[in-house]
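Worksheet for the structure shown next.
The values are calculated or read from the model by the stated rules, or taken from the named source; none is laboratory data. Computed from a predicted structure; not experimentally measured. Glycine gets a Cβ as well: all are built from the backbone with ideal geometry, and neighbour counts include every protein chain shown. The accessibility values were calculated without ligands, DNA or RNA, using every heavy atom of the protein model including side chains. Shrake-Rupley method; radii C 1.70, N 1.55, O 1.52, S 1.80 Å.
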Amino acid sequence: MLTKVFAPAKVNLTLHVTGQRKDGYHLLDSLVVFADVGDRVSVMETEEMRLDVTGPMASGVPTDQSNLVWRAAALFDRPVAITLSKYLPAAAGIGGGSSDAAATLLAMSDLTGQTRLPEGSVELGADVRVCLMRRASRMQGIGEVVEPVPNLPPLFAVLANPRVEVPTPAVFKALTAKENPPMALKLPKWQGTRILIDWVASQRNDLEAPAIAAAPIIADVIASLAALPGARLARMSGSGATCFALFDTREAADAAAATLAQAQPEWWVTPATFS
Ligand code: C5P
């Protein structure tokens, strides 16, 4: 039996760092959405565990136990042949590893009929829990508190990554102000895409400044996105380096993505719809 699961890109529309625990992990308050672009994971029963990585972003992705996908599958104690088709850049702030791990857990659960996730599943990465949810959510704590945010208006976006990998721990380490205000206790009920974009613009990604300090090209990505026709907001996702711009319509996002891809042929650029 073969089970295939889509692993959508995770985007932090907001990322407020509100404190730091004694163990070093940071407390977050983040509105997370998922894109219609992502990786694909398939698992098939076999005699011995193996992982093949294919797709346009496969280069450099490990095919051994160090890959989160392998570790997620191994939790089930059932040897499988995994195929990971990489479309998302790695170490890019859009949850590639966590989303792949979550998709693997879902695929293994389907394959084995084991509905309860094995112990250690959500410890694979701080974003695994929200990636298992696969829908707009508010994420708090260090990522373990995840509440769905229903009825989020659709968002139309361009995602852009300058093909520079930014290691998350280094960005958190470089953050000087660790205690910043959270989002409002109760999130608004946004009536439509424009209102949601205006609200997102009033929020922050507190990791933007330390990420730019580590990889100054991120400032260029944000500026290029903000300058696209129809762009209403440009911001970094996660700890970078992927950034997004928001548009009023999918048509505007498609046109802007084509413009940016032509201007920056070395960058990873794609239009996307977030929900
Ligand atoms: O758990 P994950 O591998 O996604 O996190 C990578 C690193 O990012 C952690 O080792 C930690 O240094 C940092 N991090 C943090 N606070 C969080 C999430 C991640 O400091 N809430």
When the stretch 191-223 is checked residue by residue, the ones that are closer than 16 Å to Thr249 by Cα and either surrounded by fewer than 18 Cβ atoms within 10 Å (Cβ to Cβ) or of a type in the set (Gly, Ala, Ser) (or both) are Gln191, Gly192, Arg194, Ile195, Asp198
Residues of the stretch 67-77 being at pLDDT 95 or above and either more than 16 Å from Ser99 (Cα to Cα) or not in a helix (DSSP H, G or I) (or both), in sequence order, are Asn67, Ala74, Leu75, Phe76
Given (1) open to solvent by less than 10 Å² (accessible area, probe 1.4 Å); (2) out of contact with any Pro (no Cβ under 7 Å at 6 or more places or on another chain); (3) not assigned by TED's automatic domain parsing to the domain that holds Pro182, Ser99 misses just (2)
- Do the conditions hold for Phe172, that is, is it of a type outside the set (Val, Ile, Thr), in contact (Cβ under 8 Å) with a residue 12 or more places away in the chain, in contact with a helix residue (DSSP H, G or I) (Cβ under 9 Å, 6 or more places away or on another chain) and within 27 Å of Gly60 (Cβ to Cβ)? yes
Taking the stretch 165-190 and the residues there that are away from the ligand (no atom under 14 Å from the Cβ) and among the small types (Gly, Ala, Ser), the one that is surrounded by the fewest Cβ atoms within 10 Å (Cβ to Cβ) would be Ala177
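Against the condition in contact (Cβ under 8 Å) with a residue 12 or more places away in the chain, away from the ligand (no atom under 16 Å from the Cβ) and part of a loop (DSSP other than H, G, I, E, B), how does Arg40 come out, does it pass? Spell out how you get there, then give the answer.
Details: in contact (Cβ under 8 Å) with a residue 12 or more places away in the chain: yes; away from the ligand (no atom under 16 Å from the Cβ): yes; part of a loop (DSSP other than H, G, I, E, B): no.
The answer is no for Arg40.
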Matching residues in the stretch 135-164 (out of contact with any helix residue (DSSP H, G or I) (no Cβ under 7 Å at 6 or more places or on another chain), in a strand (DSSP E or B) and not small (Gly, Ala, Ser)) number 6
Counting only residues in the stretch 253-266 that are over 14 Å from Ala227 (Cβ atoms) and in contact (Cβ under 8 Å) with a residue 60 or more places away in the chain, the one surrounded by the fewest Cβ atoms within 10 Å (Cβ to Cβ) is identified as Glu266
For the stretch 230-256, the count of residues that are hydrophobic (A, V, I, L, M, F, W, C) and under 22 Å from Glu165 (Cβ atoms) equals 6
Selection over the stretch 123-178 where residues are farther than 26 Å from Arg71 by Cα and in contact with a His (Cβ under 9 Å, 6 or more places away or on another chain) yields a count of 2
Inside the stretch 94-119, the number of residues satisfying the requirement of being within 16 Å of the ligand (Cβ to nearest atom), closer than 19 Å to Arg135 by Cβ and not hydroxyl-bearing (Ser, Thr, Tyr) is 8
Open item on the list: Given the criteria part of a loop (DSSP other than H, G, I, E, B), surrounded by fewer than 21 Cβ atoms within 10 Å (Cβ to Cβ) and out of contact with any helix residue (DSSP H, G or I) (no Cβ under 9 Å at 6 or more places or on another chain), does Ala81 qualify?
Closed with: no
Those residues of the stretch 1-26 which are closer than 24 Å to Leu152 by Cα and open to solvent by 30 Å² or more (accessible area, probe 1.4 Å) amount to Phe6, Thr18
Within the stretch 120-148, the count of residues that are more than 10 Å from the ligand (Cβ to nearest atom) and open to solvent by less than 20 Å² (accessible area, probe 1.4 Å) comes to 5
